[in-house]
Amino acid sequence: MTHWKQRLHQMHRVCRFNTAHFIVITCTLISLLSACKAKEITSITLSDWIMTLDEEAGIGSYTQKTPYFINVSEDDVCFDAVQAAVEWGVLDQSYAFDPDEVLTKEYCAYTLMNLAEKADGDVNIKDISDSNFKKQIAAAVSSGLMKLDHRSMFYPKQVLDQKEAMAYLEKAVTYINNREITDTHTEITWNQNTDVKDIVPVSYDASSCSIQIDDPSLQEGDLVHFQDEYEEQYFQIARIDGATAYLKEID
């Protein structure tokens, strides 16, 4: 009888061990499944990214009607945003743009650093040797916008969650809106075949935005450039009344 009691006691211990082992395995599986579920992200296409970026940054105008990318036609919903992004320097025609691709970390850094006009940074990043956007990634990390992990890895091909991408965009726009401008140099780039006439007006009246002229060759619509007492001036002649030419800002 004692022998059977001992056998029963041992069986109970084995059952308790197996039950505990089963519970541990079950909990582990649940934890793994929960972790996998937590990693699910809501991605954003490049089309939606560029449209959102342009809207948040106040970019909307562009001049060229011919598509900058042959796969983005005038019928595409993102056409206006892409055209504007190219002319504002956010997108570079040297790199392909597929509106249906999802936004990655490297493409986010590329567009935001182009927007902020920052393309330099002194930082060691181990996994971007194959990226087309090494300078922008380095600038994004150096500026504090993006971070590396403990191994100095950036993971450029990682697909970004929409919320994380929007947070980066908000930080970049805030930086642009609040940065201190110290460079007052102005560079004017004229459209091709633009004829700007250098003139020496008899006088210039800033209050009425007009000049006195003695050049009969000047006509309404002409673009003119002259030096006043303080700075160089660029205007378009709106109308001419006798010896007075009334000016307007150039588009």
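Where a number appears in this text, it was derived from the coordinates with a stated rule and is not lab data. Just so you know, these numbers come straight off a predicted model, no measurement behind them. A quick note on method: Cβ atoms are made from the backbone with ideal geometry, for glycine too, and the neighbour counts reach across all protein chains shown.
Evaluating 6.51 cos²θ - 1.76 cosθ + 1.60 at θ = phi - 60° for every residue in region 124-132, the Karplus couplings come out as 8, 10, 7, 10, 10, 4, 8, 7, 6 Hz, glycine and proline recorded as x. For region 89-134, chymotrypsin sites (Phe, Trp or Tyr not before Pro) are listed when DSSP marks them as loop and at most 13 other Cβ atoms sit within 10 Å of their Cβ; the list is Y95. Highest mean first, the peptides 47-55, 121-129, 60-68 sorted by other C-beta atoms within 10 Å per residue fall in the order 47-55, 121-129, 60-68.
In sequence order, region 111-116 has phi-based couplings of 6, 6, 6, 5, 4, 7 Hz under the Karplus curve 6.51 cos²θ - 1.76 cosθ + 1.60, θ = phi - 60°, and Gly or Pro positions carry x. With a threshold of 18 Å on the Cα-Cα distance, the over-threshold entries among K118/K163; K65/K248; K105/K134; K118/K157; K105/K147; K105/K171 are K118/K163; K65/K248; K118/K157. Proximity of backbone amide H atoms, modeled 1.01 Å from N, is registered between G121 and no other residue at under 5 Å, excluding neighbours fewer than 5 places apart on the same chain. Note on Q93/S142: beta-carbon distance plugged into 1/(1 + (r/R0)^6) with R0 of 22 Å gives a FRET efficiency of 0.25.
Assuming charge only on the beta carbon of Lys and Arg (+1) and of Asp and Glu (-1), the dipole of region 46-178 about its Cα centre is about 680 debye to the nearest 20.
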